[in-house]
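What follows is a set of notes on a single structure, which appears directly below.
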Amino acid sequence: MQAAVETVDLSLYVRPAEDGTSRMDLAIDGVDCAACLDDIEGAMKACAGVVSARLNLTTHRLAVVWRQEDIDASSLIAALARAGYRAYPFEQSRVEADEQRRSLWLLKCLAVAGFAAMNIMLLSVAVWSGNVSDITPETRDFFHWLSALIALPAAAYAGQPFFRSAIAGLRAGKLNMDFPISLGICLALSMSVVETMLHGLEAYFDSAVMLLLFLLAGRYLDQTMRRRTRAAAGNLAALKGEIAHRLSDEGAVVAVPVAALMPGNRILVRPGDRVPADGRVLSGTSEVDTSIVTGETMRSKVTAGARVYAGTINFDGALTVEVTAAGEGTLLDDVARLIEKAGAARSRYMRLADRAARVYAPVVHAAAASTLVFWLIAGASVHDSIIIAISVLIITCPCALALAVPAVQVVASGHLFRAGVYLNAPDALERLAEIDTVVFDKTGTLTLPEPHVSNAGTLPPDLLAAGARLAASSRHPLAMAVARTAPDLMPYDDAEEVPGAGVRAMVDGVEMRLGSATFCASDDCTQPSASDVSLIHLRHGSRRARIEIRQSLRPDARQTLDRLRAMGFDLHILSGDRPEAVLPLASILGVSDARGGLDPAGKIAAIEALRAQGRKVLMVGDGLNDAPALAAAHASLSPITAVDLAQAQADAAFLGERLAPVAQSLDVARQARALMRQNLGIAIVYNLFAVPLAVAGLVTPLIAAAAMSGSSIIVTVNALRMRGVPKTAAAQNPSRKSRARLALATKEHSS
């Protein structure tokens, strides 16, 4: 650890502030549960000069603020090392690489434990059968030595995640949850070797390796889910871009890193570029895609004086922009801070269960030690007293307790997977089961993400097909909707797009135009009666068409919301879209509380107001502007078409064009909660009966291992009682585009 501190220039990662404090973000290794949160934050706050320390359990990112004159960055890292945690400056690429290596290491440990357990169990079955029949002592000893030959090296390798954690805890002067596990495994293996050397009837290699197998499976699944969330969240930085085109006082264009921009700088934003910083347009006219900020699908026309935001995309014309906020002051960073704040609140929500788990280690150690002392005083031999104490350690192994929730999660996750729902958070099911209020975004959530031509049936098919070929040459959202009516047709070769007006081409010797009413010289300039309709005009010679574009509801939106109402949920709509576009849709769906024109902070405020009423809120949204609300809600869902950041903050993502997975997720979660409670009850009853028997010396280590495995099997079988959910249409027959999106999302998560 010290060598790592010496080879890294920490000053590059320290951000000083005007008030005399400094801030640095650290990546923390060795964080396995929320019980580590108090240790890490406590170690920081114990250092003189530390103002605040906050750990995000999802990203393992520690934000530390300290007074510069009292302590330096290297001392903070050294304090964490003394507490048993490795820390280094947070860099997204390095953290992702470390997480990938750790996941691969855990998978290797799991594979070794599984291979060893299968082979040892084959030998154990032979010994068990032979002990009640005619096995000779020499044969039994041979099988025991074979088991030892497999178990000892396998446990030495596969047990490293627990052994290293236990040793690190001891060095820091604490007993963590991995210490009793490590102690029980080591004692069981040691006594097995002793029993084999003494030609004993029983050895306990199988119980030790099976224990490792169960615990490694749970740890690997938890690691995988956390890693997926951290990897997807890292896409936020990509929205800013890396290079900006800054204008010098002489008017020269200079390419500079986005991090070098300062308020007051003038930058050139060319067509197709992503805006690198928040600013005010000085000159130029264009259309900007602001959907990642506002959720509005229609492009916003910007001229001199308009505000633009980092992450939005400029389409048509070049803009000269004066930077008003750069670096950590942009709207994207405000969104990131909102997410961080909401994520920290969720971490506090999870602390209670982990604090309860803290008492396990001292209680188990005290029970085993007391049992050993009791039997020694009672006159039992040292050998028998140790065997009884080991039985207590094994029988009190938290395997059933540890599997009570994960076993249900695995079964429920399988059902949801077949229904097209993909869980993204380890505790998603528990929180989904507590929901009583569902909040929907509009654009891309209640409606399909892509607009469509609503009056196609009233237009001449040949004219619409020609218009679709012309529209294929444009990137405008309305033109793209027209192009989707004939996706197999090739665009015209000589098509020319006129920025802000439309697109034109010569077709059969006559000019064809697609665009605004003025561009097409249309006499019909009346606005549509419906507020959710946008118009695009088509002219080919004397033939003219008025094409209506609208976003359509998801096919089962009304049925799904009716089902949710029948299940007792209170429904709301919170959207960044125009109120006049939100209210008609809410009327169709029968939702009385529908609000439009909300920014990310406004959505969070609305959710907080519901929370203040004692509500447990599920947020369903898909845009970047929904990401803070997704993180702030008690639970959250996103379509698979959502931006990566929204998926990262959502507890689950669903596939397809239907909303049925929302209701199915809540239904499965309620079933899962009932089964989790039953499993926890089974685990408690098991311990109430098994522990006294082990303390009384009525249970051998072999029986203890069998009882422990039996309790694990019982909770697993109970989890399998969950009834399945019907597959959604998307899950049964996903479209080619849906399959491509799913493949891309899977590739990103696994990379």
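Each reported figure results from applying straightforward, stated rules to the coordinates on display, with no laboratory input. Quick caveat: nothing in here was measured; it's all calculated off a predicted structure. Cβ atoms come from the backbone with ideal geometry, glycine included; neighbour counts cover every protein chain shown.
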- [ ] With viscosity set to 0.692 mPa s and temperature to 37 °C, compute the Stokes-Einstein D of the stretch 414-453, Rh being the Kirkwood radius across alpha carbon pairs; µm²/s, no decimals.
- [x] 258 µm²/s
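Would you kindly state how much longer the chain becomes between F689 and D72 on full extension, computed as 0.36 nm times their sequence separation minus their alpha carbon distance, in nm to one decimal?
Stretched fully, the F689-D72 segment lengthens by 216.7 nm.
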Task: Reciprocal mean inverse distance between Cα atoms of the stretch 452-550 - Kirkwood radius, Å - done: 13.2 Å
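Could you give the length gained on full extension between Y157 and V373, defined as 0.36 nm per residue of separation minus the Cα-Cα distance, in nm? Numbers along the way, then the final one.
On the way: separation 216, 0.36 × 216 = 77.76 nm, distance 3.24 nm.
Extra length available between Y157 and V373 comes to 74.5 nm.
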Task: Contour excess over end-to-end distance, with Cα ends at M121 and H199 and 0.36 nm allotted per residue - done: 26.2 nm
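For a Förster distance of 41 Å, can you work out the FRET efficiency between the beta-carbons of D494 and T303, rounded to the nearest 0.05?
My answer for the efficiency is 0.85.
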Open item on the list: Report the Rg/Rh value for the stretch 424-497, based on alpha-carbon coordinates and the Kirkwood definition of Rh.
Closed with: 1.28
- [ ] Along Cα→Cβ, 7 Å out, is where each label goes; now give me the distance between the ones at I243 and R558 in nm to one decimal.
- [x] 5.2 nm
Task: the stretch 452-550, relative contact order in percent, only Cα pairs under 8 angstrom and at least six apart counted - done: 26 percent
TODO: Please give the residues of the stretch 498-520, grouped as numeric ranges, whose backbone N is less than 16 Å from a label point set 7 Å along the Cα-to-Cβ vector of R544.
DONE: 511-520
Open item on the list: Run the simple label-point estimate for A456 and H383 please: 7 Å along Cα→C-beta, distance reported in nm.
Closed with: 8.4 nm
TODO: Using only C-alpha atoms and all pairs of different ones, pull out the Kirkwood radius for the stretch 550-643 in Å with one decimal.
DONE: 13.8 Å
Task: Label-point separation, L10 to A172 (7 Å along Cα→Cβ), nm - done: 1.7 nm
TODO: Any of K301/K603; K442/K616; K45/K616; K108/K174 with alpha carbons more than 30 Å apart? Name them for me.
DONE: K45/K616
